[in-house]
1. Pairs of lysines 8 or more apart, or on different chains, with alpha carbons under 17 Å: count those in region 236-333, would you?
2. Tell me, what HN-Hα J-couplings in whole Hz come from the Karplus equation 6.51 cos²θ - 1.76 cosθ + 1.60 at θ = phi - 60° for each residue of region 455-461, using x for Gly and Pro?
3. Which of the listed residues, 112, 141, 129, is farthest toward the dipole's positive end in region 95-148, when Lys, Arg count +1 and Asp, Glu count -1 at the beta-carbon?
4. Rounded to whole Å, give me the distance from the Cα center of region 413-427 to that of region 263-283.
5. Give, rounded to the nearest 20 debye, the magnitude of the charge dipole that the chain has about its Cα centre when Lys and Arg contribute +1 at Cβ and Asp and Glu contribute -1 at Cβ.
6. What whole-number value in Å² describes the accessible area per residue of region 213-326 for a 1.4 Å probe?
7. Farthest toward the dipole's positive end in the chain, which of 334, 353, 156, given Cβ charges of +1 (Lys, Arg) and -1 (Asp, Glu) about the Cα centre?
8. Name the longest site-free stretch of the chain, where the excluded sites are GluC sites (Glu not before Pro) in a DSSP loop with no more than 16 other beta-carbon atoms within 10 Å.
Amino acid sequence: MMTLDVITIGRSSVDLYGAQIGGRLEDMASFNKYIGGSPTNMACGTARLGLKSGLITRVGDEHMGRFIREQLIAEGVDVQGVITDPERLTALVLLGIRDQEQFPLIFYRENCADMALCEDDIDPDYIASSRCVTVTGTHLSHPRTRAAVLKALALARANGAKTALDIDYRPNLWGLSGHGDGENRFIASAKVTSELQATLGLFDLIVGTEEEFHIAGGTTDTLAALRAVRALSTATLVCKRGPMGASAFDGAIGDSLDDGISGPGFPVEVFNVLGAGDGFMSGLLKGWLTGEDWETSLKYANACGAFAVSRHGCTPAYPSWEELQFFFKRGMKTPALRHDAELEQVHWATNRIGDWPEMRVFAFDHRMQLEDMADELGVSPDKIGPFKKLCLKAVEQVADGKPGYGLLCDGRLGRDALYAAAGKGLWIGRPVEVPGSRPLQLEIGPDLGSKLAEWPVENVIKVLCFYHPDDDDAMKAQQEETILRLFDAGRANRLEFLLEIIPSKVAPCDDQTTAKIIQRFYDIGVYPDWWKLEPMKSDAAWRHACDTIAQNDPYCRGVVVLGLEAPSEELAASFEAAARHELVRGFAVGRTIFAGTAREWLTGTIDDQTAIAQMADKYRALCQSWDQARKNSGGTA
């Protein structure tokens with residue numbers, strides 16, 4: 001049974017992209033880490049467009065191999081064919097953006113994991129599960145990987161599946177030039193031409209740039225090269241022509257590239273051409289495998305390629321299906337797509353990693369309250385850090401590996417707990433505000449970009465702002481400016497953002513107060529991934545707040561309810577009110593869970609295990625209370 005739309009086969013690497021733009025690779029001071037390799041990019045690109053995609057490759061048994069596997073899973077790619085190689089390292093690529101014409105790169109691929117792919121790695125049952133097998137030229141360059149590719153193609157053709165080739169010619173990966181020549185896209189080689197031509201008859205679709213068809217056809221005359229390929233293959237040939245789009249030939253090659261079938265183009269500003277071809281191929285496969293005509297398929301391909309050349313990175317640049325449809329419907333507002341704030345918001349929101357339909361969060365990010373408690377009890381504040389590690393133990397005990405659980409923890413007093421929480425599948429929020437500050441001040445200081453650059457990308461920025469619609473203009477301006485700077489710095493560092501607002505501590509509130517605040521932040525360009533709101537007493541207040549979020553940001557992850565140290569009975573009542581609204585995903589509660597236990601533990605009245613058990617019991621009871629409230633509302637938990 002064919003459960004996958006496409007399986008791609010071949011290269012899989014970690015791309016280290018120079019973060020500085022306009023300089024030599026020698027002068028790059030920092031790098032952004034993404035997954036890479038043409039087949040890996042295409043597997044992710046097609047998955048983002050809604051296809052069921054799988055990948056056959058090898059990765060190392062180390063951190064970078066695990067990174068690739070985790071990212072593929074997060075992107076929705078089937079990893080059954082991703083093999084962990086115990087002997088070889090995952091491939092690396094260092095890349096830079098020099099200018100609009102130069103994109104230096106170095107391939108670290110000496111005996112790398114993906115080049116150890118062999119025939120035994122090709123599972124006939126896995127190949128039979130897909131409607132299409134797509135391969136790239138690099139894995140035809142070595143006898144071992146070539147044998148694996150040919151086996152996969154033979155199985156696919158025997159099953160009646162479609163087959164596709166992205167020529168993906170990199171001369172130095174065929175051994176034609178040195179390590180420092182990774183940017184070179186063409187060196188003539190009769191040997192490479194012969195190797196490629198021996199396989200061309202195995203494909204239903206062949207895609208390449210003009211230079212790539214030159215190597216496949218054995219001549220630098222593009223039309224002659226296409227005719228040479230046509231003599232060996234009945235495949236549809238798609239020739240990519242850069243800013244002029246692409247031409248598809250499903251029959252004889254005419255007298256001009258313009259004689260081919262074309263789709264609408266998108267004249268965008270070129271920022272980074274690396275990975276653009278993989279984006280193009282992703283869009284083309286989406287159209288081809290869903291039965292669209294070539295004009296529509298090329299429209300998808302050209303648009304995906306346009307997104308890719310407009311952004312930093314390869315896979316991170318590719319659009320989601322929702323984003324692509326938004327772009328087609330609204331149209332292009334600026335050729336520099338990365339500066340289109342509306343489009344970038346859709347791109348960010350529809351390509352986030354992870355899914356959190358339910359949020360049961362133990363908030364122990366408190367600093368001022370615990371420091372005051374330690375001072376009151378006459379104990380050292382040095383005990384606060386170890387106590388927060390006990391809070392984490394309580395979270396882990398209740399979560400027990402299940403999804404939908406998380407924590408809020410700071411990096412000052414709770415650093416050890418915060419570090420220990422990493423990589424455990426928990427949602428992790430991290431505060432940045434100076435506790436109790438109004439106007440808002442940030443504990444991380446004014447240099448937001450460099451401070452946030454130190455954070456793991458799984459950390460979510462959490463900021464609490466005491467804000468009210470009746471604040472004077474000066475107060476509003478100062479707080480809004482701080483939040484806007486923080487939001488922008490978070491996006492630049494690929495960090496999600498939670499905005500917590502508490503107006504009731506400032507002035508009286510009515511059913512519209514919170515909704516007005518929410519609207520104001522959207523108006524100034526702040527689009528939180530999460531909102532954290534205080535319990536509201538009326539259903540109307542919740543309805544106004546949730547409607548305002550939905551109207552401004554249909555992709556918002558949702559709302560969590562804070563506790564304000566309310567007794568468990570009061571929280572249960574507030575959960576009943578909040579749970580009626582689907583956008584409210586759960587709670588983020590702290591002192592209700594830990595306050596009493598903290599006092600006992602700090603004074604030595606109870607030991608570690610008792611403290612963990614007490615907090616786990618209270619946390620578990622709140623989780624059950626929320627789940628029951630959701631069920632009572634007609635939802636699921």
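1. 4
2. 7, x, 5, 7, 6, 9, 5
3. Going by the charge dipole, the pick is 141.
4. Measuring centre to centre over Cα atoms gives 39 Å.
5. Its charge dipole is roughly 740 debye.
6. 33
7. 156
8. Result, exposed sites excluded: 111-268.
The values are calculated or read from the model by the stated rules, or taken from the named source; none is laboratory data. Note that the structure is a prediction, hence the values are computed from the model and not measured. Cβ coordinates were reconstructed from backbone atoms using ideal geometry, including for glycine residues, and neighbour counts include every protein chain displayed. Ligands, DNA and RNA are excluded from the accessible area calculation, which covers all protein heavy atoms including side chains. Shrake-Rupley method; radii C 1.70, N 1.55, O 1.52, S 1.80 Å.
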